[in-house]
Amino acid sequence: MTFAPFQVKVPATTANLGPGFDSIGLALQVYQSVRVIPSSTWCIEYEDETHKELSIGNDNIIMSTIKKVESIFNQQSPTASLSVRSNIPLSRGMGSSAAAIVAGIAIAEQLLGLNLSDEQKVKIASDIEGHPDNVSAALVGGLTVSRYDQHELDFIKLPTHNVGILLMVPSHELETSLSRGSLPEVLSHKKATSSSAAANVMLPAILMNDWSTAGKLMEKDGFHEPYRTKWLQSFEDIRHYAKELGAYGCTISGAGPSLVIFCPQESQKNIHKELELSYPNYICIKTRLDSIGTTVSPIYLKENMQPPV
Ligand code: HSE
């Protein structure tokens with residue numbers, strides 16, 4: 001069984017936006033792409049040096065996700081060779097594992113000729129990832145709000161205006177499991193109520209393009225931020241300085257250790273320059289919101305191309 005070669009492109013994501021813990025996700029214009037080509041055996045390779053530490057065995061996330069989809073639908077896909085190119089830093093709170101899971105689902109869907117709904121795909125991805133925020137935004141793009149509780153899923157993609165986005169990426173990795181492990185089992189009713197109110201007001205503020213209010217509220221989180229700052233370098237300093245330079249708000253990107261800063265598009269360049277100068281131990285990525293999400297497109301191999309007549 002063979003198939004026409006194709007490429008899957010998945011965006012990076014930033015999750016939580018402060019108090020939207022495990023619920024809000026935003027897709028970024030930073031991508032991972034996987035070229036999928038017929039092959040007599042399964043194999044995967046990473047083109048980027050920084051990704052070569054990843055397993056290329058059966059426990060590789062893209063591969064194991066493909067196998068998971070095969071088993072859910074009780075079908076076997078044709079074997080393929082996967083070649084991954086990625087600008088998403090690993091274990092930095094920018095959704096690298098979500099991007100791998102979503103890529104695996106999109107590849108399996110294509111190889112098996114399934115026609116899954118977004119809900120089905122987000123559900124499978126959330127079952128694997130354990131939380132829905134990154135995977136839903138990676139799949140459909142833009143700003144998503146999700147609820148995933150005991151394998152029950154609700155998710156919505158919201159319309160958004162664009163905004164300047166900066167990611168401060170440190171050189172050290174932070175495993176999501178370690179970062180989640182530092183969260184308390186129990187939260188006071190008062191703290192939960194105030195964090196949930198902040199998230200409730202932040203969302204309509206984003207919808208109404210009121211990023212000043214949204215930026216203020218993304219800094220009012222009690223669900224996870226206070227327990228994670230110990231993993232972050234110069235967090236309060238960067239937050240303070242970014243705001244002084246005109247940013248709307250700064251918070252932890254996903255589980256960290258990167259920080260995400262939202263700012264007016266016209267001041268993004270200047271804030272980027274100043275932060276790069278002041279915090280040389282961070283890489284500062286300048287980006288925008290991705291509104292499309294995961295795409296699958298054909299690729300044309302040189303050997304299969306017909307010479308022009
Ligand atoms: N909502 C998740 C967390 C995102 O904060 O742990 C992990 O990428």
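The values are calculated or read from the model by the stated rules, or taken from the named source; none is laboratory data. Because the structure is predicted, anything quoted here is derived from the model rather than measured. Cβ sites come from the backbone with ideal geometry, for glycine too, and all protein chains shown count toward neighbours. For accessibility, only protein heavy atoms count, side chains too; no ligands or nucleic acids. Shrake-Rupley method; radii C 1.70, N 1.55, O 1.52, S 1.80 Å.
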What are the ³J(HN,Hα) values, in whole Hz, obtained from phi via the Karplus relation 6.51 cos²θ - 1.76 cosθ + 1.60 with θ = phi - 60°, for each residue of segment 224-230 in sequence order, with x given for Gly and Pro? 9, 3, x, 8, 10, 4, 5
Can you tell me, using C-alpha contacts under 8 Å and at least 6 residues apart, the relative contact order of the chain as a whole percent? 26 percent
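If contacts are Cα pairs under 8 angstrom and at least 6 residues apart, what is the relative contact order of segment 164-287 in percent? Provide the component values of the computation, followed by the final result.
Details: 183 pairs, mean separation 51.8, N = 124.
Computed over segment 164-287, the figure is 42 percent.
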Taking the Cα atoms only, what angle lies between the long axis of helix 61-73 and the longest principal axis of the chain, rounded to 10 degrees? 70 degrees
Dimensions in Å of segment 164-287 - Rg and Dmax from alpha carbons: 14.6, 42
Per-bin percent of Cα-Cα distances, the chain [20 Å]: 34, 54, 12, 0
Once the dipole of the chain is set up from charges on Cβ (+1 Lys and Arg, -1 Asp and Glu), the residue from the list ASN60, TRP42, GLY256 lying farthest towards its positive end is GLY256
Nearest 10, in degrees from 0 to 90: the angle of helix 189-207 to the longest Cα principal axis of the chain is 70 degrees
Considering only C-alpha atoms, what is the centroid distance from segment 130-161 to segment 3-65, in Å? 18 Å
With +1 on each Lys and Arg Cβ and -1 on each Asp and Glu Cβ, and nothing else charged, work out how big the dipole of the chain is about its Cα centre, in Debye to the nearest 20. 340 debye
At a probe radius of 1.4 Å, what is the per-residue accessible area of PHE21, in Å² to the nearest 10? 50 Å²
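Could you tell me what percent of the accessible area of segment 164-287 is made up of carbon and sulfur, with a 1.4 Å probe and every protein chain present?
Details: 3210 of 5840 Å².
Within segment 164-287, the accessible surface is 55 percent carbon and sulfur.
Using a 1.4 Å probe, what is the accessible area per residue for segment 164-287, in Å²?
47 Å²
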Degrees between helix 118-129 axis and first principal axis of the chain (Cα, 0 to 90, nearest 10): 80 degrees
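Over segment 20-60, what portion of Cα pair distances is larger than 14 Å, expressed as a whole percent? Could the numbers behind the result be given before it?
Numbers: 541 of 820 pairs.
Roughly 66 percent, once rounded to a whole number.
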Residue-by-residue Karplus 3J(HN,Hα) for segment 246-263, coefficients 6.51, -1.76, 1.60, Hz, glycine and proline x: x, 5, 6, x, 9, 8, 6, 7, x, 8, x, x, 6, 10, 10, 10, 10, 8
Quick one: which of LYS121/LYS269; LYS9/LYS68; LYS191/LYS230; LYS67/LYS157 span more than 25 angstrom between C-alpha atoms? LYS121/LYS269; LYS67/LYS157
For the chain, with a Gaussian network of springs between Cα atoms less than 10 Å apart, report the residue from LEU139, LEU114, LEU167 with the top mean-square fluctuation. LEU114
Connecting every pair of Cα atoms under 10 Å apart in the chain and solving the GNM, the largest mean-square fluctuation among TRP42, TRP211, TRP231 falls on TRP42
CD proxy at 222 nm, helix term only [per DSSP H run n ≥ 4: -39500 (n - 2.57); per residue of the chain; nearest 500]: -10500 deg cm²/dmol
GNM flexibility winner over the chain from LYS157, LYS52, LYS68 (Cα, springs under 10 Å): LYS52
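Stokes-Einstein at 37 °C, 0.692 mPa s, Kirkwood radius from Cα pairs: D for segment 1-101 in µm² s⁻¹?
Numbers: Rh = 14.7 Å.
After rounding, the answer is 223 µm²/s.
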Please report the relative contact order for segment 15-155, taking Cα pairs under 8 Å with a sequence separation of at least 6, and give it as a percent rounded to a whole number. 33 percent
